[in-house]
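Each reported figure results from applying straightforward, stated rules to the coordinates on display, with no laboratory input. Because the structure is predicted, anything quoted here is derived from the model rather than measured. We place every Cβ from the backbone using ideal geometry, glycine too, and count neighbours over all the protein chains shown.
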Amino acid sequence: MSVETMARPVPLPQNGGAPASVTPCAFVLFGATGDLTRRKIVPALFDLDLQGLLPDPFVIIAFARRDKDDTTFREDLRAAVREFAPQLPTDGPEWQEFARHVFYLRSNLDDPEGYRRLAQRLQELDRTFGLGGNRLFYLATPPDNFDEVITHLGVAGLNRPGSEQGWARLIIEKPFGYDLNSARQLNALLAPVFAEHQVYRIDHYLGKEAVQNILVLRFANQIFEPLWNQKYIDNVQITVAETLGMEGRGAYFEKSGITRDIVQNHALQVLTLVAMEPPVSLAADHVRDEKVKVLKSIRPFTLEDVAQKTVRGQYGPGFIETPEGTRTVPGYREEQGVDPLSSTETFAAFRFDIQNWRWAGVPFYVQAGKRLPKRVTEVQIQFKAVPEVLFARLDCTGLRPNRLIIRIQPDEGAWIEIASKVPGPQLSIEMVRMDFRYGSTFNTPVRDAYQRLLLDAIRGDASLFARGDEVEAAWELLTPVLDAWQNLTCPIFPNYPAGTWGPPAVNSLLSGGRVWHIPQR
Ligand code: BG6
């Protein structure tokens with residue numbers, strides 16, 4: 001029977017049909033033996049459990065191909081938590097209690113019988129644990145498997161909750177599509193099976209504390225919003241820098257490049273939060289409506305724009321600072337799984353022009369790269385200079401325009417740079433910092449982004465997840481750039497040594513005496 005006839009969106013109200021509260025549920029994990037499960041998902045779930053934040057009862061069912069059973073799988077997960085979250089207690093009763101609710105269902109992802117068994121198992125678990133028919137499916141498989149899992153879930157009727165009052169939701173990992181067409185196809189495949197309010201598209205940057213703080217900083221303080229526009233802001237810069245190279249992901253990265261890996265999702269999410277209008281409310285759709293408007297207001301790239309407003313790079317061999325000292329690292333083309341003549345970009349920089357009332361004339365510069373000198377993500381809001389009267393005329397050379405820096409990681413927080421008189425008999429000015437750090441201010445650890453996102457999906461709050469039209473709008477903007485890069489002459493790669501801030505050409509992107517903000521920490 002076709003998906004169209006079997007699978008119907010569940011007629012639930014907005015927000016997954018439930019108020020933002022945690023109700024018992026089954027968490028069904030596809031891709032359960034993969035890296036993401038081990039590194040992120042299971043440590044996050046166990047930590048949430050330890051904090052008492054998971055619903056009670058909460059059951060995990062792994063759906064995977066490998067030959068395992070409940071016992072061996074539970075041991076695998078314990079080893080993963082020990083490796084990736086060694087601070088969590090895996091020897092005591094807490095782990096035993098958590099593991100008791102973990103089950104393994106062995107099946108190929110393309111076997112309809114496996115999904116029938118899953119449906120049966122869910123019914124049994126509903127009865128045993130009183131899960132109320134609530135189920136959260138998590139697609140943590142490689143994207144090539146998305147189609148078959150979604151289709152089979154629909155055919156098996158698993159897009160519907162197990163009871164009338166229950167709910168069914170689907171979390172999809174990135175990448176959501178490879179370009180505009182594939183993202184549209186994936187949305188079209190989803191639409192007849194899961195309604196939009198059931199779908200939670202992950203962008204883990206949205207789960208980061210300091211990314212969530214952007215809206216608080218902007219809209220819970222009266223002092224910023226009046227200045228947050230083209231009258232007072234000169235330019236905005238977003239830097240997403242990593243020291244990591246490929247770490248065994250060369251084959252994946254060859255097809256992705258930094259633009260698909262970081263810019264289309266994480267960097268553009270940050271940009272929309274910085275640039276959006278105040279939403280009507282904090283409801284998921286109100287926030288997402290405003291983000292989509294920003295993406296749609298960005299001037300589309302013509303071929304000429306691509307040549308002038310984008311820069312791409314690829315790292316060669318170089319040096320990286322590590323806690324153990326300076327380390328020599330190979331160039332991208334020498335990495336495992338990478339074509340020795342590859343033209344994939346490991347660095348990209350863009351100038352985005354948002355054509356709306358608030359931002360006309362204010363460039364938004366974005367740069368992202370692998371093997372840069374520091375792992376740091378920061379947003380710099382550069383204000384305009386004060387009028388050239390009073391202090392600017394004096395010999396007080398330290399005067400510069402104000403800057404607000406939002407530190408997304410590491411050392412989450414924000415600082416603002418303001419002019420101040422240097423103590424003494426002469427009038428001399430220096431720029432000083434007012435600095436806020438999460439760590440020292442709140443004295444509570446900043447948790448991994450996955451914890452917040454998993455919890456939100458469990459409680460039916462989709463505001464930190466990307467909506468279908470939002471993902472498409474981001475692809476609509478960047479697909480022409482990716483296509484143009486295929487047709488334009490490629491720069492001579494490698495064009496930056498590992499451990500440096502990208503190719504020199506990146507400076508040509510900035511005009512009017514502007515310079516890139518180089519994060520110091
Ligand atoms: C992932 C990318 O989405 O984000 C990785 O696929 C990247 O290549 C990672 O390293 C960065 O995330 P974070 O949270 O470490 O900044």
How big, on average over all directions, is the shadow cast by the Cα convex hull of segment 132-208, in nm²? 5.6
Decide, for segment 296-355, between rounded, prolate and oblate: order the square roots of the alpha carbon gyration tensor eigenvalues as a ≥ b ≥ c, take rounded if a/c falls under 1.5, and otherwise choose prolate if a/b is larger than b/c, else oblate. prolate
Can you give the extra length, in nm with one decimal, that the chain gains between Glu277 and Ser511 once fully stretched, where that is 0.36 nm per residue apart less the Cα-Cα distance? 81.6 nm
Segment 345-426 shape via C-alpha gyration tensor axes, a/c threshold 1.5: oblate
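Please state the relative contact order of segment 154-234 as a whole percent: Cα pairs under 8 Å, 6+ residues apart?
RCO, segment 154-234: 25 percent.
Which order results if Cys25, Cys490 are arranged by neighbouring Cβ count within 10 Å, fewest first?
Cys490, Cys25
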For the chain, the longest principal axis of the Cα atoms and the Cα long axis of helix 180-190 enclose an angle in degrees, to the nearest 10, of 30
When only Cα pairs under 8 Å and 6 or more residues apart are kept, what is the percent relative contact order across segment 31-117? 40
If I model the chain as equal point scatterers sitting on the Cα atoms and use the Debye formula, what is log10 I(q)/I(0) at q = 0.05 Å⁻¹? -0.22
Please compute the length gained on full extension between Ala220 and Gln165, using 0.36 nm multiplied by the number of residues separating them and subtracting their Cα-Cα distance. 16.2 nm
Projected onto the charge dipole of segment 260-344 (+1 at Lys/Arg Cβ, -1 at Asp/Glu Cβ, origin at the Cα centre), which of Ala283, Ser343, Phe301 gives the Cα projection farthest towards the positive end? Phe301
Length added when fully stretched, Leu244-Thr326, from 0.36 nm per residue minus Cα-Cα: 28.2 nm
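Could you sort the peptides 321-330, 197-206, 372-381 by per-residue average Cβ neighbour count (10 Å cutoff), highest mean leading?
Top to bottom by mean Cβ count within 10 Å: 197-206, 372-381, 321-330.
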For Arg447 and Arg106, FRET efficiency with R0 = 35 Å and r from the beta-carbon atoms, rounded to 0.05? 0.60
Just for the Cα atoms in segment 390-447, what are the lengths along the principal axes, largest first, rounded to whole Å? 48, 20, 14
At R0 = 30 Å, FRET efficiency that the Cβ-Cβ distance of Glu124 and Thr72 yields, to 0.05: 0.90
Between segment 256-293 and segment 142-189, how many Å separate their Cα centres? 22
How long is segment 149-303 along each principal axis, judged by its Cα atoms, biggest number first, in Å? 56, 43, 32
Please find the FRET efficiency linking Phe84 to Leu390, where r is the Cβ-Cβ separation and R0 is fixed at 56 Å, and quote it to the nearest 0.05. 0.50
At a 10 Å Cβ-Cβ cut-off, how would you order Met431, Met246, Met276, fewest neighbours first? Met431, Met246, Met276
Neighbour-count ranking for Ser297, Ser163 (other C-beta within 10 angstrom, fewest to most) reads Ser163, Ser297
Too long at a 20 Å Cα-Cα cut-off: which of Lys231/Lys296; Lys40/Lys174; Lys174/Lys370? Lys231/Lys296
At q = 0.11 Å⁻¹, what log₁₀ I(q)/I(0) does a Debye calculation on the Cα points of segment 272-415 give, no solvent, two decimals? -0.69
To the nearest 10 degrees, the tilt of helix 449-459 (Cα long axis) against the first principal axis of the alpha carbons of the chain is 50
How many Å³ per residue does the convex hull of the Cα positions in segment 451-502 occupy? 141
Looking only at segment 226-256, which residues have a backbone nitrogen under 14 Å from a spot 7 Å from the Cα of Asp339 in the C-beta direction? 251-256
